[in-house]
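The structure appears below as structure tokens.
The values are calculated or read from the model by the stated rules, or taken from the named source; none is laboratory data. Only a predicted model underlies this, so the values are computations on that prediction, with no experimental measurement involved. Here Cβ is always computed from backbone atoms with ideal geometry, including for glycine, and neighbour counts include all displayed protein chains. We work out accessible area using only protein heavy atoms, side chains counted, and drop any ligands, DNA or RNA first. Shrake-Rupley method; radii C 1.70, N 1.55, O 1.52, S 1.80 Å.
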Amino acid sequence: LIRHEKQGVKIERALRQRGIVARISGGGQRCYNRMPIRDLANALGELSNPAADLEFLCMLHSPLVGLSLDAVVMLAARRQSGERIGDMIRSDLVALPEADREKLQRFLAWFSPLQEVADRQSAWEVISAMFAKSPYLEQLARQPDRHQSIANVRKLFSMAVADRQLGAQEFAEKIRRIQNLRHKEGDAPALDDDENSVKIMTIHKAKGLEFPVVLLPDNFRNTSPRKNGKYVLVDQDSGLVFFRFGKREPELFKWYWGRTVEREIAEEERVFYVAFTRAQEHLWVLCNPDGAGKQRWSDRLGEFAKSIQSDPQA
């Protein structure tokens, strides 16, 4: 259980790098900003309306083609002023390493014929052709986060099927607009709820749920409000404004700051109460006992745990 969704991304990545199946539950990740979705958007744009060399180079490095980064940089460096990367590689495969040259030849074998008809086909037909003719899905299946990547790609394909009137370029533009809006569309479910995996979710979303084992990994921050740099405090309920001047703190400022700290601590305790009471059998809490200057929750966790144990409703 985590405090904020951004923490979950790092934890998920670290677990997957160690071969542990993990997923962020509750959907808060930006599905459309995931790399597989961006790769497909680049390919759809290039197929239907080739224009941007950067997108083309990104596509060459993606699982759709699989060129090495060295090869991509070499292609970009050899481009003449006003010359498009796509045109250049068709006329001259240049002095690429043999493995990259073979990948590029296989890519052109399916990409060029598809590009000739892509502007007359719907997006779902173009995506289907890419899946069938490129090594894209096979390459995704080899990646550490293969379950989630394939699930998100299938979700995008389902969207294209549901919107059959959109062409490849229109569908690519739709994805771009959603990405620019930073839309928090959740990831597609990649695993069943009963799958033996690590589930990552915010404490807020865990309200009302229980789990056999709960781990609270992120208790190293200073959760109390800091006074440093604060010269103005505003009470949003009453509209009152409290000032301090330099190191001088008027009594009203100190009084209101004390109230602010008390409210923040009370809110933190409510959050921790929810987190502590989600475990059915085992609760693991990671903290820094030497956390001087980092956080003070480790000083109070023991007493807080005792108060929960003595609560008949807990």
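Take the conditions (1) surrounded by fewer than 16 Cβ atoms within 10 Å (Cβ to Cβ); (2) farther than 21 Å from residue 44 by Cβ; residue 74 misses just one of them, which is (1).
Going through (1) modelled with pLDDT of 85 or more; (2) farther than 24 Å from residue 24 by Cα one by one, residue 164 falls short only on (1).
May I ask you to say which residue of 196, 219 is surrounded by 17 or more Cβ atoms within 10 Å (Cβ to Cβ) and at pLDDT 65 or above? Steps first, please.
Working: 196 fails: surrounded by 17 or more Cβ atoms within 10 Å (Cβ to Cβ).
Answer to the check: 219.
Okay, residues lined up against (1) outside any helix (DSSP H, G or I); (2) of a type in the set (Phe, Trp, Tyr); (3) modelled with pLDDT under 75:
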residue: 155; (1), (2), (3): no, no, no
residue: 174; (1), (2), (3): no, no, no
residue: 209; (1), (2), (3): yes, no, no
residue: 223; (1), (2), (3): yes, no, yes
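Cβ-Cβ contacts under 7 Å between residues 6 or more apart (or on different chains), taken from a first residue in region 262-288 that is assigned to a helix (DSSP H, G or I) to a second residue that is open to solvent by 70 Å² or more (accessible area, probe 1.4 Å), are listed as 274/207.
Condition check: of a type outside the set (D, E, K, R), open to solvent by less than 40 Å² (accessible area, probe 1.4 Å), modelled with pLDDT of 70 or more and in contact with a Pro (Cβ under 7 Å, 6 or more places away or on another chain). Does residue 214 satisfy that? No; evaluated as a whole, the condition is false for this residue. Please indicate, with yes or no, whether at least one residue in region 71-94 is of a type in the set (Asp, Glu), assigned to a helix (DSSP H, G or I) and over 30 Å from residue 14 (Cβ atoms). Yes, there is a match, as at least one residue in region 71-94 is of a type in the set (Asp, Glu), assigned to a helix (DSSP H, G or I) and over 30 Å from residue 14 (Cβ atoms).
Scanning region 136-153 for residues that are surrounded by fewer than 17 Cβ atoms within 10 Å (Cβ to Cβ) and not in a helix (DSSP H, G or I) yields 141, 142, 143, 144.
Restricting 60, 69 to residues that are modelled with pLDDT of 75 or more and surrounded by fewer than 17 Cβ atoms within 10 Å (Cβ to Cβ) narrows the list to 69.
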